[in-house]
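> First the structure, then my questions, so here it is.
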Amino acid sequence: MRKFSLRTGLALALGSLLGLAPIPAHAQSTGAISGTAKDESGAVLPGVTIEATNAGTNAVRSATTGADGYFTIPLIPPGMYNIKASLTGFSTFSRTGLKVNVAETALVNVPMKVGWQSETVEVTSQTPLIETANATLGIVIDEKKIVDLPLNGRNFTQL
């Protein structure tokens with residue numbers, strides 16, 4: 001029978017304690033932007049460069065459409081975004097005011113028109129409120145709803 005040294009015993013005890021430590025759970029706090037780039041005839045366009053600029057922080061994330069014309073920009077912070085799409089031989093597509101919520105995918109279909117890159121097609125419409133790209137459920141609770149909640153004894157832990 002072998003004797004374990006004190007150092008080996010302490011290392012084993014510490015390792016087993018760390019193995020039992022709970023792993024902190026993190027809530028999902030990001031969203032995504034996805035869509036398809038097509039030309040005027042409805043054919044998909046591969047190689048379109050898509051840039052999403054956060055209106056609040058000016059942080060830019062980019063993606064390129066694949067062979068099927070589809071792009072996705074995952075794991076972006078929620079907020080308002082400006083979208084810009086460009087491809088040689090086509091007018092630049094621009095869309096402002098795209099809202100990305102937590103745990104949602106904002107859908108942006110990019111219609112590209114044949115033309116010069118100096119031309120810009122700007123779209124200012126809002127996205128529909130129906131989530132068709134994802135089957136998960138999520139909700140964004142704004143500050144007003146939290147402030148209006150009744151609290152028993154004004155204790156925040158009883159929310």
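> Near the amide H of residue 55, under 5 Å away, which other amide H atoms are found, from residues 5 or more places off or on another chain, if H is placed in the peptide plane?
Answer set, sorted by chain and number: 80, 81, 82.
> Could you list which residues have their amide H under 5 Å from that of residue 110, counting only those 5 or more apart in sequence or on another chain, with H placed in the peptide plane?
36, 37, 38
Each reported figure results from applying straightforward, stated rules to the coordinates on display, with no laboratory input. Here the structure is a predicted model, which is why all the values come from computation and not from measurement.
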